[in-house]
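Engineer: Pasting a structure here, questions to come.
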Amino acid sequence: MKGWRFTIVVYLIGGYAVVSLPTMADPVEEGAYLTAAAGCKACHTLKGGIAFAGGRPLKTPFGIFYSPNITPDVQTGIGGWTGDEFLAALKRGISPQGEHYFPAFPYTSYTGITDKDGLKIFAYLKSLPPVQQDNKDHDVGAPFSWRWLQWGWKLLYFAEGQGPLTSEGTDRGQYLVDALGHCGECHTPRNAFGGPEKERYLAGSADGGEGELVSNITPDVETGIGDWSKSDLADFLKTAMKPDFDNVQGSMEEVIEHGTSRLSKEDREAMADYLLSIAPIYHQVSRGKK
Ligand code: HEC
Ligand code: HEC
């Protein structure tokens, strides 16, 4: 009823104002929110550098990847890209030249992002000031540096349109965790070829980026977060403080700072609900063990 009355009032004030009703929020603003949820900034910004201009080294077991410039500079960024090219990169790992991206770019999770949301992210990135900064070559040894080999990797480990890390069924929490938040990219262990071990979805990994130990975040009581309450988890995603008052370390701190702390309370609670509902997996993460 309220919405109906509002429509009428706006209509009386000026016919065309109807198109900007609150249900149709500004795509750039929505895109900014989704970009935070997806954590694009953390990877695409060099520490102390200009936001989204790339150049950040990302250490992996295969070598060092450098994130590219995703500001709308036409020469060195994505200023000349179309929406379709952007979606192909984000959701299928394919460049405008038809080459395959390395999965250090988590398109494997982003493939679960809806086209609509993907285009909002694009709209937000296009609204940023263009920064002219050339991309740096990756420092990765053969055969992992062979771009053409990536199609084989994709064949094995990439399922388009559905995060390979997810189970079936979708809700807002799962969408935020699996597709946008790409939590599994760090929290699911990988095999020797960098493919996610589906049967240990979110059960933690001993070789996260920068050699980090990444916690088991399945609700297993002994080795995971089974003894966290929903509010423990939702609060943690805002404050980076664990229920035992320890502050989180390393890359998770950035995930929270640039990502989950900027989301709405409802979205953080949806993530907590989802995480506490998945199958608990017993998996002790420790050095020297996968
Ligand atoms: C975990 C780190 C990481 C995150 C998070 C990440 N990216 Fe990237 N991205 C990369 C890397 C590394 C590459 C380069 C891949 C390659 O060269 O094959 C890349 C490549 C790209 C490209 C291709 C650019 C070009 O010049 O070809 C685009 C576009 C892009 N990312 C957009 C995004 C967006 C949008 C997000 C958030 C939704 C995002 N990235 C999140 C690491 C990341
Ligand atoms: C870039 C890698 C990375 C990504 C992406 C990531 N995490 Fe983490 N996460 C970590 C690391 C590393 C730790 C361990 C930090 C520590 O020991 O202080 C961690 C710890 C945690 C913890 C604490 C668990 C415990 O028992 O102490 C929770 C909860 C968590 N992450 C949830 C998430 C969620 C939810 C997402 C997706 C929004 C996510 N993480 C995405 C790297 C990541």
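Engineer: Take L46, project a point 7 Å from its Cα along the Cβ direction, then tell me which residues of the range 134-151 have their backbone nitrogen under 20 Å from it.
Structural biologist: Only 134-140 fall inside the zone, counting backbone N under 20 Å.
Engineer: To continue, here is another question. According to the square roots a ≥ b ≥ c of the eigenvalues of the Cα gyration tensor, what is the shape class of the range 68-131, taking rounded for a/c under 1.5, prolate for a/b larger than b/c otherwise, and oblate for the remainder?
Structural biologist: oblate
Engineer: Moving on to the next point. With the Cα gyration tensor of the chain in hand, give its eigenvalues times 5 under a square root as the equivalent ellipsoid semi-axes, listed largest first in whole angstrom.
Structural biologist: Equivalent ellipsoid of the chain: 31, 27, 17 Å, largest first.
Engineer: Extension gain E85-Q249, at 0.36 nm per residue separation less the Cα-Cα distance, in nm?
Structural biologist: 55.5 nm
Engineer: Taking the chain as a Gaussian network, Cα atoms linked when under 10 Å apart, which of S145, S261, S215 shows the biggest mean-square fluctuation?
Structural biologist: The residue that fluctuates most here is S145.
Engineer: Explain nothing, just compute: Karplus ³J(HN,Hα) = 6.51 cos²θ - 1.76 cosθ + 1.60, θ = phi - 60°, for every residue of the range 237-246 in order, whole Hz, x for Gly and Pro.
Structural biologist: 5, 9, 9, 6, 9, 7, x, 8, 6, 7
Engineer: Sticking with the crude label model, points 7 Å out along Cα→Cβ, report the distance from E29 to K238 in nm, one decimal please.
Structural biologist: Going from the E29 label point to the K238 one covers 2.1 nm.
Engineer: Using modelled backbone amide H atoms (1.01 Å from N, in-plane), which distant-in-sequence or interchain residues come within less than 5 Å of I281's amide H?
Structural biologist: Residues meeting the amide H criterion: T218, D220.
Engineer: Which lysines does K59 reach when only Cα atoms under 22 Å apart count, and residues fewer than 8 places away in its own chain are ignored?
Structural biologist: Those lysines meeting the cut-off are K41, K47, K136, K154, K289, K290.
Engineer: Let me ask something additional. Any aspartates and glutamates with Cα under 19 Å of the K265 Cα? List them, leaving off those in the same chain fewer than 8 positions away.
Structural biologist: Here the aspartates and glutamates satisfying the reach criterion relative to K265 are E29, E30, D171, D178, D232, D235, E253, E254, E257, D273.
Engineer: Let me ask you something else. With labels modelled as points extended 7 Å from the Cα through the Cβ direction, what inter-label distance (nm, one decimal) is found for K59 paired with S145?
Structural biologist: Placing both labels 7 Å along Cα→Cβ, they lie 1.9 nm apart.
Engineer: Rounded to a whole number of µm²/s, how large is the Stokes-Einstein D of the range 133-290 at 37 °C and 0.692 mPa s, given Rh as the Kirkwood radius over C-alpha pairs?
Structural biologist: 197 µm²/s
Engineer: Divide by every residue of the chain the summed helix terms, -39500 (n - 2.57) for each DSSP H run of at least 4, and state the resulting mean residue ellipticity at 222 nm, rounded to the nearest 500 deg cm²/dmol.
Structural biologist: Rounded to the nearest 500, it is -9000 deg cm²/dmol.
Engineer: Using only the Cα atoms of the range 25-164, what are the Rg and Dmax in Å?
Structural biologist: Rg and Dmax of the range 25-164, Cα atoms, are 14.5, 47 Å.
Engineer: What FRET efficiency do you get for K265 and V221 if R0 is 30 Å and r is their Cβ-Cβ distance, rounded to the nearest 0.05?
Structural biologist: Taking R0 as 30 Å, the efficiency between K265 and V221 is 0.70.
Engineer: In a solvent-free Debye calculation with one equal scatterer on each Cα, what is log10 I(q)/I(0) for the range 193-267 at q = 0.14, 0.18, 0.27 Å⁻¹, listed in the order of the q values?
Structural biologist: Here log10 of I(q) over I(0) equals -0.50, -0.82, -1.38.
Engineer: Whenever you get a sec, line up Y157, Y110 from highest to lowest accessible area (probe 1.4 Å, protein heavy atoms).
Structural biologist: Largest accessible area first, the residues go Y157, Y110.
The values are calculated or read from the model by the stated rules, or taken from the named source; none is laboratory data. Computed from a prediction, not measured in an experiment: that's the story for all the values here. Cβ: placed from backbone, ideal geometry, glycine included. Neighbour counts: every protein chain shown. The protein model used for the area step is the full one, side chains on, heavy atoms only, and it has no ligands, DNA or RNA in it. Shrake-Rupley method; radii C 1.70, N 1.55, O 1.52, S 1.80 Å.
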